[in-house]
Amino acid sequence: MSKEKVIVLFGDSLTDYFPMELFQDVEALVYNRGQAGSTVPEMAARAETEVVLLDPDLVLLQGGANDYLLPFYRGAETVAGQLLGTAERILKKLPQTRIYIESLYPMYTRKTGNAIPFWSEGKSNEEIQEVNSQIEKLCRKTGIPYVDVYRGLIGEDGELPFSYTVDGVHLSREGYEQVWKVLSRVLTAEKFLR
């Protein structure tokens with residue numbers, strides 16, 4: 001009897017808060033190992049216990065939003081390098097595992113009359129695109145697949161649509177449904193979804 005397939009979602013709050021019922025038709029055990037507030041170095045520190053020990057067939061790696069939002073943001077190349085480094089550390093322990101690295105998600109950065117944006121104040125989607133271009137470049141170099149979730153979320157005005165977010169950064173159900181459209185294509189290609 002073959003072991004049941006395992007998928008790990010590994011990331012920060014954007015993974016942590018993912019509505020897991022969207023994965024109900026996926027033919028695998030799906031573990032959500034998102035942790036709100038995690039930076040990429042913190043994710044790297046917990047990769048052994050939260051990813052490697054589960055011996056997954058597939059990892060959907062999402063991170064970097066907190067690194068970008070912190071006052072001591074270290075730049076696009078650093079964040080991208082740390083994300084790829086985390087993936088490579090996992091692959092060194094689990095060479096048969098498939099890892100996909102997701103782009104950073106866009107933010108809603110416009111001032112409005114209410115409390116939004118809060119987390120995203122003073123930030124820009126142009127810089128997020130710079131981080132993403134660095135991630136994509138490193139993915140091409142290493143052969144690790146890149147998933148462009150950013151394009152599935154960004155509005156025509158260059159902002160995360162207001163209806164897709166609850167606070168400028170974190171997603172609403174409608175926002176997660178857009179992410180799911182992108183991830184479901186990966187899961188279909190990897191034969192976890194019919």
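For the stretch 1-30, the set of residues classified as of a type in the set (Phe, Trp, Tyr) and open to solvent by 70 Å² or more (accessible area, probe 1.4 Å) consists of TYR17 only. The C-beta contact set for the stretch 171-194 (first residue over 12 Å from PHE23 (Cα atoms), second residue open to solvent by 70 Å² or more (accessible area, probe 1.4 Å), distance under 7 angstrom, 6+ apart or interchain) comprises SER172/VAL166; GLU190/ARG98. Checking the structure you have, find out if any residue of the stretch 100-112 is touching a Phe, Trp or Tyr at 6+ places or on another chain (Cβ under 7 Å) and among the acidic types (Asp, Glu). So far as the stretch 100-112 goes, no, none of its residues is touching a Phe, Trp or Tyr at 6+ places or on another chain (Cβ under 7 Å) and among the acidic types (Asp, Glu). When we screen SER133, SER103 for residues that are within 24 Å of ASP57 (Cβ to Cβ), touching a residue at least 40 places away in the same chain (Cβ under 8 Å), of a type in the set (Gly, Ala, Ser) and in contact with a helix residue (DSSP H, G or I) (Cβ under 9 Å, 6 or more places away or on another chain), the only hit is SER103. Do we find a residue being open to solvent by 10 Å² or more (accessible area, probe 1.4 Å) and touching a residue at least 60 places away in the same chain (Cβ under 8 Å) anywhere in the stretch 83-98? So far as the stretch 83-98 goes, yes, one or more of its residues are open to solvent by 10 Å² or more (accessible area, probe 1.4 Å) and touching a residue at least 60 places away in the same chain (Cβ under 8 Å).
A residue that is at pLDDT below 95, open to solvent by 40 Å² or more (accessible area, probe 1.4 Å) and over 22 Å from ILE154 (Cβ atoms) can be found somewhere in the stretch 72-81.
Within the stretch 142-166, the set of residues being β-branched (Val, Ile, Thr) and surrounded by fewer than 17 Cβ atoms within 10 Å (Cβ to Cβ) comprises THR142, VAL166. Residue check, GLY158 against (1) closer than 16 Å to SER13 by Cβ; (2) in a loop (DSSP other than H, G, I, E, B), all met but one. Which one? Going through (1) closer than 16 Å to SER13 by Cβ; (2) in a loop (DSSP other than H, G, I, E, B) one by one, GLY158 breaks only (1).
Residues of the stretch 46-71 that are open to solvent by less than 10 Å² (accessible area, probe 1.4 Å) and β-branched (Val, Ile, Thr): VAL51, VAL59. Look at the stretch 17-30: where a residue is at negative phi and touching a residue at least 40 places away in the same chain (Cβ under 8 Å) and a partner is part of a helix (DSSP H, G or I) and open to solvent by 60 Å² or more (accessible area, probe 1.4 Å), sitting 6+ places away or on another chain with Cβ atoms under 9 Å, you get PRO19/ARG173; PRO19/GLU177; LEU22/GLU177.
Specify which of the listed residues (VAL186, VAL169) is in contact with a Ser or Thr (Cβ under 6 Å, 6 or more places away or on another chain) and surrounded by 15 or more Cβ atoms within 10 Å (Cβ to Cβ). Selected residue: VAL169, the only one of VAL186, VAL169 that is in contact with a Ser or Thr (Cβ under 6 Å, 6 or more places away or on another chain) and surrounded by 15 or more Cβ atoms within 10 Å (Cβ to Cβ).
The values are calculated or read from the model by the stated rules, or taken from the named source; none is laboratory data. If you're wondering where the values come from, they're calculated on a predicted model, not measured in any experiment. Every residue, glycine as well, gets a Cβ built from its backbone with ideal geometry; the counts of neighbours run over all protein chains shown. To get the accessible areas, we keep the full protein, side chains included, count just its heavy atoms, and leave off ligands, DNA and RNA. Shrake-Rupley method; radii C 1.70, N 1.55, O 1.52, S 1.80 Å.
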